[in-house]
1. Going by how many other beta carbons lie within 10 Å of each one, how would you line up GLU63, GLU92, fewest first?
2. Got a sec? How would ASP45, ASP61, ASP94 order by Cβ neighbour count within 10 Å, fewest to most?
3. From the P(r) of the stretch 28-98, could you give the percentage of C-alpha pairs in the tail past 13 Å?
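What follows is calculated from the coordinates using simple rules that are stated; it is not laboratory data. These numbers come from a predicted model, not from an experiment. Positions of Cβ are backbone-derived with ideal geometry, glycine not excepted, and every protein chain shown enters the neighbour counts.
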Amino acid sequence: MYTLLLCALLAAAPASAKAESQKPAATSTKKLDKIHKLLHLTKADQAGQNMLASLKGRVPDAEYAQLSKLIKPEELADKLAALYDKHFQESEIDGLLAFYGTPLGQRLIEESPAIAQESVSISQSYAIEKLKQLSSAPTQPSDVPAK
């Protein structure tokens, strides 16, 4: 069961082993503090709690109890901070903090889960529509010449 759960988690969050193995240069405490503030402001620091909540009822109670002891939301937040550190300069973090501190930034944070969920639904419907068009289209001869 643990193997299945681990495979599901890995499939849901693809990562590059090469990227994981690369050690970033030392980051200032000031920048990391700003990143953690951004994670809190955007509610990204709740990823660990959200992950645990999504597993409840999907895995047996005994395994959930063990996982809830092993999964430490603050450790995940530190990993996310390292990711933001890798992709953003401190000045960009400052800009993100400024934006997400505005009413519009807060609205984006609140609306993003619904937008993401609806985007998946729209994308799936669109793909199904196109697959139906493909299956109902007359078969055309191949462009590859016969030997």
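1. Lowest to highest Cβ neighbour count: GLU92, GLU63.
2. Taking fewest neighbouring Cβ atoms as first place, the list is ASP61, ASP94, ASP45.
3. Working: 1622 of 2485 pairs.
Everything past 13 Å amounts to 65 percent.
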